[in-house]
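The values are calculated or read from the model by the stated rules, or taken from the named source; none is laboratory data. What you see is a predicted model, and the numbers here were worked out from it, not measured in a lab. Here Cβ is always computed from backbone atoms with ideal geometry, including for glycine, and neighbour counts include all displayed protein chains.
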Amino acid sequence: MTAPTVIVVAGPSGSGKTTWITQTLKEHAETCFYLYPGLGEMPVDLARIGYCYPWVQVLPESQIPLLQVLPKEVVVFLEIGFHLDLQLPVLSALSYHRVAVLPPGCPQSEWHEWADEIIPGNAIAAPDPANLPQLWCTALTGQVFDPPSLDEVLIEITEGAYGNVHRLKGIFELPDGRAFYIDFVQGLEGIEYRELPIPRWLEGRPDRPSGIEVVGWQLDQTAIAQALLDGYLSAAAIDHYQQQYKTLNLEEEPAIR
Amino acid sequence: MKLAVISCIHGNLEALDAVLSDIDRQQVEQIYCLGDLVGYGPYPNEVVEKIRSLDIPICQGCWDEDIVEGLNACECSYPSQLSEKRGRLAHEWTNQVIHPEVRDYLAQLPMTLKQQNLSFVHGSPNSQHEYLLPSMDGFAALERVLSAGADVLFCGHTHVPYVRELENAVLTVTVQQPGQADAQQQFTAPLKRIVNAGSVGEPRHGRPNATYVLYDADTTQVALREVPYDYQKTCAAIVDRGLPAIFAWRLAQGMEFAERADDPSHVCQR
């Protein structure tokens with residue numbers, strides 16, 4: 001019977017689970033797999049790891065059963081969001097190492113009882129088990145944003161226009177063909193904007209994963225969705241911008257066709 | 001003579017009342033208004049009636065013009081697609097509730113007011129839609145003041161109050177004539193000022209407080225005033241009267257309802 005090395009990582013939202021995984025990935029010469037169940041086919045972190053660490057095999061939700069048949073030579077990182085039960089059925093037949101990434105000073109919790117190893121994470125407020133936040137996410141694949149509109153919406157979301165937001169992360173496509181990973185954690189300074197190391201998409205609507213996840217309390221999901229929608233560029237506007245950027249020949253890197 | 005200059009009320013009656021009360025305490029002899037009585041806020045008719053009842057001299061703002069002429073601004077009015085969509089919502093709402101006599105009143109407002117060496121405009125002497133941002137190129141800023149024939153140009157529209165002094169301005173002109181060597185001539189412009197009154201009803205300075213300016217024509221002293229008021233009443237009215245709730249949130253943050261201007265080099269093409 002085969003038995004890959006499985007490392008399951010859990011912790012509160014914004015504690016730094018994915019950051020720890022990306023740091024640890026680099027220490028492994030073996031083939032690595034990454035899974036993030038419970039957020040649909042292509043959650044933001046899965047897409048980001050696929051873009052930033054192309055040697056890592058990312059498994060979308062529908063392929064999670066493959067976990068049972070992976071060879072023993074591989075290393076699997078499975079991230080459990082705060083919204084999921086720590087006892088995932090898919091893990092029941094497997095032996096695995098439990099890592100909890102927790103904010104410093106986090107009081108005794110189910111993560112402490114569950115973990116084999118505790119990693120100190122971001123210095124954010126400890127979660128209140130009696131008042132866990134909501135999670136709202138949506139795929140944005142194919143959508144391209146008007147950049148100033150996106151800026152404005154992100155400011156509004158993170159500053160509380162649509163509820164008390166604890167966490168926002170997303171991948172957003174811009175009309176110059178670039179895609180950005182954007183990350184906000186309440187209690188940490190600023191909003192992180194990071195250009196993803198992927199080719200510019202200058203041929204129509206991008207056919208690659210993008211999306212947004214928002215964690216918070218009293219989220220007005222309809223209003224968030226409407227504000228995002230108001231920042232989507234039309235097909236004609238996308239084409240207009242792409243023609244200009246192609247003419248400008250901004251960079252010599254090849255665009256996806 | 002002591003003047004008060006107010007601008008950009010945007011249907012915010014609570015803010016207007018608070019500013020008028022503050023002006024009452026300043027021994028002001030004359031109030032001037034730089035327009036934008038309507039748009040975004042919940043009380044456009046009431047604000048216009050109040051200004052009319054006090055017989056305050058007023059020039060036409062871009063929103064006042066839009067509600068008469070319809071939306072036809074150039075791109076400087078909306079820096080993003082999102083703000084443009086919100087601006088259209090605000091325009092459509094205002095267009096539905098505005099009384100015919102209020103629209104008629106807004107239609108006949110002048111673009112510019114003058115009093116001796118003072119000139120009053122909404123955006124710039126060129127257009128109600130043009131922004132005179134504090135970071136605007138000095139030559140262009142001076143040209144706007146000179147074109148108004150004023151020593152002090154009062155404007156609004158940016159929603160952030162400021163005073164800009166244009167001093168020691170030296171213009172060098174090269175004169176070319178056939179058969180003669182080029183000749184350079186220099187002109188020195190006397191001190192000119194641009195005074196932006198900020199916004200009574202739709203601030204964009206990071207706090208919800210209303211702003212306006214006091215000007216003493218005898219001493220040429222300018223004072224920027226910031227007036228707290230019960231902005232939550234306006235926020236509640238925004239929601240109650242069917243305007244988008246995001247307008248209330250932005251008002252409470254001092255972030256303006258939807259519009260902003262960031263490009264000081266843009267020359268309005270309207």
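Mind listing just one residue for me: the one in region A:222-245 that is surrounded by fewer than 14 Cβ atoms within 10 Å (Cβ to Cβ) and not aliphatic (A, V, I, L, M) and, of those, nearest to A:D146 (Cα to Cα)? Once the filter is applied, the top-ranked residue is A:S234.
If only residues of region A:155-165 that are surrounded by fewer than 23 Cβ atoms within 10 Å (Cβ to Cβ), outside any loop (DSSP other than H, G, I, E, B) and touching a residue at least 40 places away in the same chain (Cβ under 8 Å) are counted, the one that is farthest from the other protein chains (Cβ to nearest Cβ) is A:N164.
The residues listed here are A:I198, A:I212; of these, the one that is in a loop (DSSP other than H, G, I, E, B), away from chain B (no Cβ under 13 Å) and touching a strand residue (DSSP E or B) at 6+ places or on another chain (Cβ under 9 Å) is A:I198.
Taking the criterion of being free of Cβ contacts under 8 Å to residues at least 12 places away in the same chain and either crowded, with 20+ Cβ neighbours inside 10 Å or part of a loop (DSSP other than H, G, I, E, B) (or both), would at least one residue in region A:183-190 satisfy it?
Our first condition is that a residue be free of Cβ contacts under 8 Å to residues at least 12 places away in the same chain; within region A:183-190, this holds for A:189-190.
Next, from what is left, pick out any that are either crowded, with 20+ Cβ neighbours inside 10 Å or part of a loop (DSSP other than H, G, I, E, B) (or both): A:189-190.
Among the residues of region A:183-190, at least one is free of Cβ contacts under 8 Å to residues at least 12 places away in the same chain and either crowded, with 20+ Cβ neighbours inside 10 Å or part of a loop (DSSP other than H, G, I, E, B) (or both), which makes the answer yes.
For region A:111-154, a residue qualifies if it is part of a helix (DSSP H, G or I) and under 17 Å from the mean Cα position of the chain (by Cα), and exactly one does: A:L154.
Scanning region B:159-186 for residues that are surrounded by fewer than 10 Cβ atoms within 10 Å (Cβ to Cβ) and on the phi > 0 side of the Ramachandran plot returns B:N168, B:G179.
Any chance you could count how many residues in region A:104-146 are of a type outside the set (D, E) and either within 14 Å of chain B (Cβ to nearest Cβ) or surrounded by fewer than 14 Cβ atoms within 10 Å (Cβ to Cβ) (or both)? Let's see the steps before the verdict.
If we filter region A:104-146 for residues that are of a type outside the set (D, E), which is where we start, we get A:104-109, A:111-112, A:114-115, A:118-127, A:129-145.
With either within 14 Å of chain B (Cβ to nearest Cβ) or surrounded by fewer than 14 Cβ atoms within 10 Å (Cβ to Cβ) (or both) added as a condition, the list becomes A:104-105, A:107-108, A:112, A:123, A:125, A:129-131, A:143-145.
Number of matching residues: 13.
Annotation note: of B:A148, B:A189, the sole residue that is under 30 Å from B:G254 (Cβ atoms) and either surrounded by fewer than 17 Cβ atoms within 10 Å (Cβ to Cβ) or without any contact (Cβ under 8 Å) to a residue 60 or more places away in the chain (or both) is B:A148.
Here's the yes/no breakdown for (1) touching a Ser or Thr at 6+ places or on another chain (Cβ under 7 Å); (2) within 18 Å of B:G198 (Cα to Cα):
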position: B:S7; (1), (2): yes, yes
position: B:L13; (1), (2): no, yes
position: B:L20; (1), (2): no, yes
position: B:D24; (1), (2): no, no
position: B:Q27; (1), (2): no, no
position: B:L37; (1), (2): no, yes
position: B:Y40; (1), (2): no, yes
position: B:Y43; (1), (2): no, no
position: B:V47; (1), (2): no, yes
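Could you tell me whether B:L132 is surrounded by 14 or more Cβ atoms within 10 Å (Cβ to Cβ), modelled with pLDDT under 95 and either hydrophobic (A, V, I, L, M, F, W, C) or not in a loop (DSSP other than H, G, I, E, B) (or both)? Here the answer is yes, as B:L132 does meet what is asked. Against the condition buried (at least 21 other Cβ atoms within 10 Å of the Cβ) and either within 14 Å of chain B (Cβ to nearest Cβ) or within 16 Å of A:Y232 (Cβ to Cβ) (or both), how does A:P175 come out, does it pass? The answer is no for A:P175.
B:Y43: touching a residue at least 60 places away in the same chain (Cβ under 8 Å), in contact with a Gly (Cβ under 6 Å, 6 or more places away or on another chain) and more than 27 Å from B:L133 (Cβ to Cβ), yes or no?
Values: touching a residue at least 60 places away in the same chain (Cβ under 8 Å): yes; in contact with a Gly (Cβ under 6 Å, 6 or more places away or on another chain): yes; more than 27 Å from B:L133 (Cβ to Cβ): yes.
Here the answer is yes, as B:Y43 does meet what is asked.
If you check B:H122, B:H129 for being under 21 Å from B:A217 (Cα atoms), in contact with a helix residue (DSSP H, G or I) (Cβ under 9 Å, 6 or more places away or on another chain) and touching a residue at least 60 places away in the same chain (Cβ under 8 Å), only one passes: B:H122. Taking region A:84-143 only, how many residues are in contact with a helix residue (DSSP H, G or I) (Cβ under 6 Å, 6 or more places away or on another chain) and closer than 30 Å to A:W201 by Cα? Count: 1. Looking only at region B:20-49, residues that are assigned to a helix (DSSP H, G or I) and in contact with a helix residue (DSSP H, G or I) (Cβ under 6 Å, 6 or more places away or on another chain) come to 5 in all. Within region B:238-253, the set of residues being more than 22 Å from the chain's Cα centre (by Cα), more than 11 Å from chain A (Cβ to nearest Cβ) and assigned to a helix (DSSP H, G or I) comprises B:V239, B:D240. Do the conditions hold for B:W93, that is, is it in a helix (DSSP H, G or I), in contact with a His (Cβ under 9 Å, 6 or more places away or on another chain), among the hydrophobic types (A, V, I, L, M, F, W, C) and closer than 30 Å to A:S234 by Cβ? Answer is no for this residue.
Would you check which residues across region B:87-134 are of a type in the set (D, E) and in contact with a Gly (Cβ under 8 Å, 6 or more places away or on another chain) and list them?
To start, the set of residues in region B:87-134 that are of a type in the set (D, E) comprises B:92, B:101, B:104, B:130.
Within region B:87-134, B:E130 is the sole residue that qualifies.
Residues satisfying the criterion are absent from region A:121-135 (criterion: farther than 16 Å from A:H83 by Cβ and acidic (D, E)).
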